[in-house]
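Read the figures in this text as sums done on the coordinates, not as results from a lab. Just so we're clear, the structure is a prediction, and the values are computed from it rather than from any experiment. All Cβ positions, glycine included, derive from the backbone under ideal geometry; neighbour counts span all protein chains shown.
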Amino acid sequence: MRKSLLVATTVILVAGTQVWAIPILAGQAAIAAAESEPLNGTLVAGPLETPMIGTAFDAKVTSWVYENDESNPYGGLTFVYEIVNSEASRHAIGRFTANGFSGFLTDLSFAIEQDVTDKVPPATMDRSLDGDVVGFSFVGPPLGPSVLVPGATSNLLIVQTDAPDYTRSIGNVINGSIASGAIYSPIPEPATMLFLLGGIGFLLRRR
């Protein structure tokens, strides 16, 4: 295979049996790692339940926001997501992404939930080249445990950050088609906001 066709992101290989979050920088990807639920933190928002309906699946994404999460290495807010694929869906779900993380540090993981054995963990975790989008992919054997088949629920997907505040942003459920809806994510930093506003101003001047 030509080098130009190789994955452009940096892949961090981590043993999936260890219990820790993984720092994910812009353009990086990692094998999904597990850690404890952020129950030692204080819930400040959620649950926010959002239907996300594609052409062949009917999903629901729930998001929460925690502060004072003692396992968060950055001391900011922790964002938690759960994806449910309805039994009425015709297709499995292979991926979830969350927008709004540009300018912030992120540790990604999924939760080890006590006495819960029927949820599906992600196989990999990643972040877009510009750092704005974090993603969790669900893959079947031999690369991962399973896709999110109809009727399945994901493990809790955890994004620990240094963000001081939160807002509503856009999440996406993907497999063949894309369904989008409201989730919680960080409020953009002032520099990011100025960049976005500058881009809008440039487009308006060109009209």
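Observations
- For the stretch 21-206, the dipole from Cβ point charges (+1 on Lys and Arg, -1 on Asp and Glu) about the Cα centre works out to 860 debye, to the nearest 20.
- Computed from the C-beta positions of Ser180 and Glu87 and an R0 of 25 Å, the FRET efficiency is 0.70 to the nearest 0.05.
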